[in-house]
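Presented below is the structure to which this report refers.
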Amino acid sequence: MPYLAAVGPSDDLAQAGEERLAGEESVRGAVRSERRKEILRQRREELGLSQEDVAARLRISVRAYGNWERGLVKEWTDRKLLALAEALEMSERQCFWLFRVMVDRDPPPTWRAAEESRLPEDPAQRDYLCDYAALMEAVPYPSFLVDHRWDVALTNSAFDRLFQTVRPHPTALPDDNFLRFVLFHPDAAAVLEDHEPAWCVPLLAQFATALAASPDDEGLRSIRQEVARDPFMEAAYRYGVPHWLTTHGSEAAEQDGAVRSVRHPDPRWGLVRCRMVAESSRMLEGMGLTRVTLILSAPQGVPAGPVHGGAGIENRPQGRLRAVPPLGE
């Protein structure tokens, strides 16, 4: 029976509604609390750091940092969150995600990520990478530099366009760690076609080889721990990979020459075949880096070459390391 808006529903209905909303809020709060804990732990393990290491960076006691990671904090101030972002070497996007999850607001506009740790200390190597960024930007296909942990050191604009619709994630962004993106990001399957057989299993096979070669590498061990926490990925790692290698041979796990498919957000590309080309140089090998380029085949009816919205090469943004600010910043 209708009621006057000024009177409202009966007291019983109002109470029931309030209890339902309180219950939903309680569930959301519990999920949010667990997510807060995951962000700090996962990022710390991704870097191969112990709680003692992070506490030393923050200049607080191990017990105090343990409370931070367990969520036993009275108030998450900007100062605490910014200190965490620095200690955990977070990129600008990761810091944004940290603030949104922890306190549901953006970080201060004056904050900039300190990513110098991504760059080699040797000046010659730093200069080489800065010039290499310009070379990669001239390539019309998605291209990126990775180390043995799949940490991404450099991407070009074509790579950024391919993954432009990917949502923020605390540990699995495509331009932070490509392996974590493939395995753990909820949006990976929307970009990487035939996600499980064509991308997850081959990369898990490569990961198993890397871990066997460097069993004490903390970064690789943290990825292994995260795989173990995911029942689907653990089953793929323990049973799917050996079966796949037996069926297809160890050569099938190689990156170089592999043919796969991606779904480009630009409708002029859409679902498109790509060949992975992995290569290095003397200088890159010295820094432990490999360049991977996804050579996209031209879609049916579209001229061969990149899609730049009509912009010529001279109008492309200059390539640069994400850790190196452009002139004027």
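The values are calculated or read from the model by the stated rules, or taken from the named source; none is laboratory data. This one's a predicted model, so the numbers in the text were calculated from it and none came from an experiment. Please note that ligands, DNA and RNA were not included when accessible areas were found on the heavy atoms of the full protein model with its side chains. Shrake-Rupley method; radii C 1.70, N 1.55, O 1.52, S 1.80 Å.
In the context of the full set of protein chains, the stretch 90-226 has a per residue accessible area of 40 Å² (1.4 Å probe).
Atom-type composition of the exposed protein surface of the stretch 173-222 places 51 percent of the accessible area on carbon and sulfur (1.4 angstrom probe). Taken along its three principal axes, the alpha carbon spread of the stretch 209-291 comes to 43, 37, 26 Å, from the longest extent down to the shortest.
Taken over the alpha carbons of the stretch 54-208 as equal point scatterers, the Debye sum produces base-10 log I(q)/I(0) values at 0.15, 0.19 Å⁻¹ of -0.97, -1.28. Largest accessible area first, the listed residues Leu294, Leu135, Leu47 line up as Leu135, Leu47, Leu294 when surface is computed with a 1.4 Å probe on the assembled protein chains. With Cα atoms defining each centre, the stretch 253-293 and the stretch 165-229 are spaced 15 Å apart in the structure.
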